[in-house]
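One structure is given here, and the rest of the page talks about it.
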Amino acid sequence: MGLASLEKATLLLYEDDRKEFLEELQDMGILHIANSRLSSLAEEYPDLLPEREQIDEEAEEIFQELGKVIEILKPHTDGRGLLGQFIDLKTALSADEYRSAVKSFKRAEIKDICTRDERRYHLKNKLTELKEKKAFYEVWIKIRVPISELEALENVIVKVYKIKAKKDEIKETIKDIPVDYTIIFENGMSTGVLFIIYKGFEQEFEETLQNFDAELVDFGEEKRVPREIVSKCKSEIKKIEKEISTLSNWITEKSVEFDRFLVLYDYFLSRIKRTDVLNRALTTRQAFFIEGWIDRKDKHVLESLVSSHSGVDLKWSKTRKEEKPPVKLKNNKLAEPYEVLTGLYALPKSNEIDPSPYVGLFFGLFFAFCLTDAVYGLALAIIGIILMPRLPEGRKYLWIFIVGGIFTVFAGAMTGGWLGDIDRLFPALSPFRHRFMIFDPFENPLYFLYLSLGFGAVQILTGLLISVKEKFRKKEYLDAFANEISWIVFFIFIIISRTTGVKMFNYLIPLPLLMILLFSWRSNSWIKQIAKGGFRLFRGLVGFLGDILSYSRIMALGLVTAGLAMSVNVLTGLVKEFPVIGPVLAVFVFIGGHIFSLAINTLSGFVHTMRLQFAEFFSYFYEGGGEKFEPFGLAGTYTRIKD
């Protein structure tokens, strides 16, 4: 329980054997590769730094093409069901299926998909242009003569305008100007007009037209009449739509093989990762020098692999002082799911304790009293169990909710939370609801408050004890006695004094405070040491009070859950009284209201319970900041290999 023991391995890979060895090492997924080029060894031997990086150009190009293929095919897939709409589910396949997909790869196939999609994209753009052109000329379809021919007339100027005005207004405004015109169309407030303006009157015409919001229409050098243009556009649109449909159908048929392209995407990403390993290594002309960490239990596996390759040497090394080994958490089945919560905060340093087991000890309990409804808890547990086989990537989170749901069943029974006050709607359930109830949160909120603060006191005490344990392990005995142990003794004396009334403990209470004042901070100057100690004493008294009070949020969230569930029941009862549709509507209000209540209160309870761990609990013994142990293995962006 805690952190796995890691060993540092140094590998020397010769050119002839490195490709095959790296492939087998990647399949095993046991070695965390360090960046040797950033180590002190690279500073000592700068000649081992290569002049240029290794690049697998073929893999890079195919990887980019596969990314496009996935984007092309994804809209044509089924979305992996309802769950896949919210979560990126990975494709599970066996090692044989993985190898078969890779073996069947043909680059021409993905190039064909990309080419057809580019063609489809080009056609869609052209289709848009044609539709816009068709729509433009359709309104001018009454023009029977090409505008370019009219513009060739000697004594007149022909212009076409789109004017925001009625034709009667236009007629009245230009009646005194020697201008002929034809109304081409009327569309609401817009009127299309073809003007024939006699030369010499252009300026007068332009000044008159300023009274309107007029837009000059430019037909360019088009030599066809609008009717011919519209007809041609329709013909081309029909032809292009048919080709787009053929291409789309072909792509849809190809989407049946979508999972195979996901496998290929991860395969070529894995190839790129092998190149990245070489770019983290130091090199000579003939060999690559690689450093990494491995779980001690896997040492024999790596040794066996190396022994099967004559072009690879292995040496076990000691960790250099400036190095910070990665962190691999190792816990029993009960504590393991809570590693994800620790990871949300920060992984422990290599010389630090893993708080996951302690988080597991408190998280489900606190979450349960934030939710305080037995039916909600039962629903969470059932949902988690149903999703477990379908969502292996989220198994740890699901276990957290399952455990939290089970605890919530007991917390709900204690506080009488069964879909809120369910006996309001079904009075026959009242004896059952009250049979297990220990206290009603609304009638006795102080009980709930004391319980919440008690949870806080126990968890903070646990944090202090963990800190003592860690300081003893590091042989920081005086620091442990002058800080954590003194605080523990102080609170013990207060509790005994207040509960037993023994006056002797009133006189003993100042002793641990004096210890904190004098020795909680060490310095060469007694004045500075006492000043710092006084500050720590003051901060500790205020801090403990604030931290414990922070646990009152458990009570607050519990009351919110109960109150919201009660509101749903009250609203259901009111709606039920509506004539005719009342009972049917009440069912929808009841089910929908409690689903909403479950969702919002689960989210709230989860977030605030995490906050109590991170802000209050961790602050007493945990810093974090370790690097995650990530073994060099196959890429799993879209796929995972079944055991």
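Just one residue in the set Ser248, Ser270 is of a type in the set (Ser, Thr, Tyr), out of contact with any Leu (no Cβ under 6 Å at 6 or more places or on another chain) and not in a strand (DSSP E or B); that residue is Ser248. Here Leu82, Leu89, Leu66 are screened, and the one residue that is at pLDDT 95 or above, outside any strand (DSSP E or B) and on the phi < 0 side of the Ramachandran plot is Leu66.
Pairs are defined by a Cβ separation below 8 Å, a sequence spacing of at least 6 or placement on different chains, a first member in region 550-562 that is crowded, with 22+ Cβ neighbours inside 10 Å, and a second member that is in a loop (DSSP other than H, G, I, E, B) and of a type in the set (Gly, Ala, Ser); the pairs so defined are Thr561/Gly417; Ala562/Gly417; Ala562/Gly420.
Consider Leu446 carefully, then state whether it is exposed (fewer than 14 other Cβ atoms within 10 Å of the Cβ), assigned by TED's automatic domain parsing to the domain that holds Ile591 and not basic (Lys, Arg).
Numbers: exposed (fewer than 14 other Cβ atoms within 10 Å of the Cβ): yes; assigned by TED's automatic domain parsing to the domain that holds Ile591: yes; not basic (Lys, Arg): yes.
In short, yes.
Listed here are the residues, each with its yes/no results for (1) assigned by TED's automatic domain parsing to the domain that holds Glu15; (2) without any contact (Cβ under 8 Å) to a residue 40 or more places away in the chain; (3) over 22 Å from Gly29 (Cβ atoms).
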residue	(1), (2), (3)
Thr284	yes, no, yes
Ala287	yes, no, yes
Ile290	yes, no, no
Asp295	yes, no, no
Ser304	yes, yes, no
Ser307	yes, yes, no
Gly311	yes, no, no
Ser317	yes, no, no
Glu322	yes, no, yes
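Taken over region 487-509, the criterion of being of a type in the set (Val, Ile, Thr), over 22 Å from Gly534 (Cβ atoms) and either in contact (Cβ under 8 Å) with a residue 24 or more places away in the chain or surrounded by 10 or more Cβ atoms within 10 Å (Cβ to Cβ) (or both) is satisfied by Ile492, Ile495, Ile496, Thr500, Val502.
In the set Ser430, Ser452, Ser467, only one residue is out of contact with any Pro (no Cβ under 6 Å at 6 or more places or on another chain), of a type in the set (Gly, Ala, Ser), over 26 Å from Phe363 (Cβ atoms) and surrounded by 13 or more Cβ atoms within 10 Å (Cβ to Cβ); that residue is Ser430. Of all residues in region 41-66, those satisfying the criterion of being closer than 22 Å to Glu630 by Cβ and surrounded by 12 or more Cβ atoms within 10 Å (Cβ to Cβ) are Leu41, Ala42, Gln54, Asp56, Ala59, Glu60, Phe63.
If you take the residues of region 158-193 that are small (Gly, Ala, Ser) and either on the phi < 0 side of the Ramachandran plot or buried (at least 16 other Cβ atoms within 10 Å of the Cβ) (or both), which of them is nearest to the chain's Cα centre (by Cα)? If you could, list the steps in order and put the result at the bottom.
Step one: list which residues in region 158-193 are small (Gly, Ala, Ser), which gives 165, 188, 190, 192.
Restricting the remaining residues to those that are either on the phi < 0 side of the Ramachandran plot or buried (at least 16 other Cβ atoms within 10 Å of the Cβ) (or both) gives 165, 190, 192.
Details: Ala165: 55, Ser190: 51, Gly192: 54 Å.
The selected residue is Ser190.
Does any residue of region 130-145 turn out to be free of Cβ contacts under 8 Å to residues at least 12 places away in the same chain and either surrounded by 12 or more Cβ atoms within 10 Å (Cβ to Cβ) or part of a strand (DSSP E or B) (or both)?
Within region 130-145, the subset free of Cβ contacts under 8 Å to residues at least 12 places away in the same chain is 132, 135-136.
Then keep just the ones that are either surrounded by 12 or more Cβ atoms within 10 Å (Cβ to Cβ) or part of a strand (DSSP E or B) (or both); that gives 136.
Yes - at least one qualifying residue is present in region 130-145.
So is Asp313 surrounded by 15 or more Cβ atoms within 10 Å (Cβ to Cβ) and closer than 20 Å to Leu22 by Cα or not? So Asp313 does not fit the description; no.
Annotation note: of Ile113, Ile177, the sole residue that is closer than 23 Å to Asp213 by Cα and among the hydrophobic types (A, V, I, L, M, F, W, C) is Ile177. Scanning region 190-239 for residues that are part of a loop (DSSP other than H, G, I, E, B), out of contact with any Gly (no Cβ under 9 Å at 6 or more places or on another chain) and touching a residue at least 40 places away in the same chain (Cβ under 8 Å) yields Lys199, Phe212, Asp213, Phe219, Glu221, Glu222, Lys223, Arg224, Val225. Of everything listed in (1) touching a strand residue (DSSP E or B) at 6+ places or on another chain (Cβ under 7 Å); (2) in a helix (DSSP H, G or I); (3) closer than 30 Å to Gly2 by Cα; (4) not basic (Lys, Arg), the single unmet condition for Asp259 is (3). Examine region 604-617 for a residue that is more than 18 Å from Phe366 (Cα to Cα), of a type in the set (D, E, K, R) and part of a helix (DSSP H, G or I), and state whether such a residue exists. No, the conditions are met nowhere in region 604-617.
State yes or no: is Tyr121 out of contact with any Ser or Thr (no Cβ under 8 Å at 6 or more places or on another chain), at pLDDT below 90 and not assigned by TED's automatic domain parsing to the domain that holds Thr182?
Working: out of contact with any Ser or Thr (no Cβ under 8 Å at 6 or more places or on another chain): yes; at pLDDT below 90: no; not assigned by TED's automatic domain parsing to the domain that holds Thr182: yes.
The answer is no for Tyr121.
Consider Gly405 carefully, then state whether it is part of a helix (DSSP H, G or I) and surrounded by 21 or more Cβ atoms within 10 Å (Cβ to Cβ). Considered against the rule, which asks whether it is part of a helix (DSSP H, G or I) and surrounded by 21 or more Cβ atoms within 10 Å (Cβ to Cβ), Gly405 comes out as yes. Total residues in region 577-605 satisfying the condition of being of a type outside the set (S, T, N, Q) and touching a residue at least 40 places away in the same chain (Cβ under 8 Å): the figure is 4. Collect the residues in region 339-375 that are of a type outside the set (A, V, I, L, M), touching a helix residue (DSSP H, G or I) at 6+ places or on another chain (Cβ under 7 Å) and more than 18 Å from Glu627 (Cα to Cα), keeping them in residue-number order. Of everything in region 339-375, those that are of a type outside the set (A, V, I, L, M), touching a helix residue (DSSP H, G or I) at 6+ places or on another chain (Cβ under 7 Å) and more than 18 Å from Glu627 (Cα to Cα) turn out to be Tyr358, Gly360, Phe362, Phe363, Gly364, Phe366, Phe367, Phe369, Cys370, Thr372, Asp373. When each of Asp168, Asp117, Asp112, Asp180 is tested for being part of a strand (DSSP E or B) and of a type outside the set (S, T, N, Q), the lone residue that passes is Asp180. Of the residues examined, Ser235 is not one that is of a type outside the set (Asp, Glu) and either within 30 Å of Ser36 (Cα to Cα) or surrounded by 15 or more Cβ atoms within 10 Å (Cβ to Cβ) (or both).
Scanning region 191-205 for residues that are at pLDDT 85 or above and of a type outside the set (Val, Ile, Thr) turns up Gly192, Leu194, Phe195.
Summed over region 531-549, residues that are surrounded by 17 or more Cβ atoms within 10 Å (Cβ to Cβ), of a type in the set (A, V, I, L, M, F, W, C) and closer than 19 Å to Asp479 by Cα total 2.
Could you list all residues from region 87-131 that are in contact with a Lys or Arg (Cβ under 6 Å, 6 or more places away or on another chain) and over 21 Å from Lys74 (Cβ atoms)? Across region 87-131, the qualifying residue is only Ser94.
Of everything in region 275-290 that is in contact with an Asp or Glu (Cβ under 9 Å, 6 or more places away or on another chain) and either crowded, with 21+ Cβ neighbours inside 10 Å or aliphatic (A, V, I, L, M) (or both), the residue that is modelled with the lowest pLDDT is Ala287.
The values are calculated or read from the model by the stated rules, or taken from the named source; none is laboratory data. Because the structure is a prediction, the values reported are computed rather than measured. Neighbour counts run over all protein chains shown; Cβ positions are idealised from the backbone, glycine included.
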